[in-house]
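Take a look at the structure below.
The values are calculated or read from the model by the stated rules, or taken from the named source; none is laboratory data. A quick note: this is a predicted structure, and the numbers were derived from the prediction, not measured. When we count neighbours, we look across all protein chains shown, and the Cβ atoms used for this are built from the backbone with ideal geometry, even at glycine.
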Amino acid sequence: MSVIEVVAVPGDTERDAILAPLVAFNDAAVGPTERHPVAIVIRSDDGAIAGGLWGMASYRWLFVQYLVVSASLRGQGRGRELMLAAEAEAKRLDCVGLWLDTFSFQARGFYEKLGYRYFGQIDDYPPGEARFFLSKRIA
């Protein structure tokens, strides 16, 4: 008999065991996709990372998971430069668009100025705030 178990400290073993049949199912339904991690960084003169963008391209879409610019560089257009670099990389990877999420206390307006369109939200995530989802087609 099978049992439902909450794993106290989940790790790669559990993640991989859960993910493998899901990937197989998805591949059977729509064909396999390559997953391409994307990292674009701002380096300071000493080589330290002073900001950047992290994402994953799959199914011809680039998901921008993280975007951050250090406080000392904000307001200088570096976030815009990172997003434009991500769009160029998405085109190179033959993506049709990019998608991302941001919180109500973060940068929805910034992304909308770059042409990203709102397509949904989760209210009270975190409590009293909202999480917004935006996308932009590039092809």
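Quick notes
- Scan of the stretch 110-139 for residues that are more than 14 Å from G55 (Cβ to Cβ), touching a helix residue (DSSP H, G or I) at 6+ places or on another chain (Cβ under 8 Å) and either at pLDDT 95 or above or surrounded by 14 or more Cβ atoms within 10 Å (Cβ to Cβ) (or both), ordered by number: F110, L114, Y118, F132
- Filter result for the condition that a residue is within 25 Å of G120 (Cβ to Cβ), out of contact with any Leu (no Cβ under 8 Å at 6 or more places or on another chain) and among the β-branched types (V, I, T), over V30, V64: V30
- Annotation note: Cβ proximity below 7 Å between a residue of the stretch 91-109 that is modelled with pLDDT of 95 or more and a residue that is among the hydroxyl-bearing types (S, T, Y) (sequence gap 6+ or interchain) occurs for G97/S135; L98/S135; W99/S135; L100/Y111; T102/Y111; R108/T102.
- Scanning the stretch 73-88 for residues that are exposed (fewer than 14 other Cβ atoms within 10 Å of the Cβ), basic (K, R) and part of a helix (DSSP H, G or I) yields a single hit, R80.
- Residue, farthest from F132 (Cα to Cα), within the stretch 43-72, restricted to residues that are in contact with a Gly (Cβ under 6 Å, 6 or more places away or on another chain) and among the aliphatic types (A, V, I, L, M): V69
- Which numbered condition G55 fails, given (1) in contact with a helix residue (DSSP H, G or I) (Cβ under 8 Å, 6 or more places away or on another chain); (2) loosely packed, with under 14 Cβ neighbours inside 10 Å; (3) of a type outside the set (S, T, Y): (2)
- Only a single criterion out of (1) in a loop (DSSP other than H, G, I, E, B); (2) surrounded by fewer than 10 Cβ atoms within 10 Å (Cβ to Cβ); (3) among the hydroxyl-bearing types (S, T, Y) is not satisfied by T33, namely (2).
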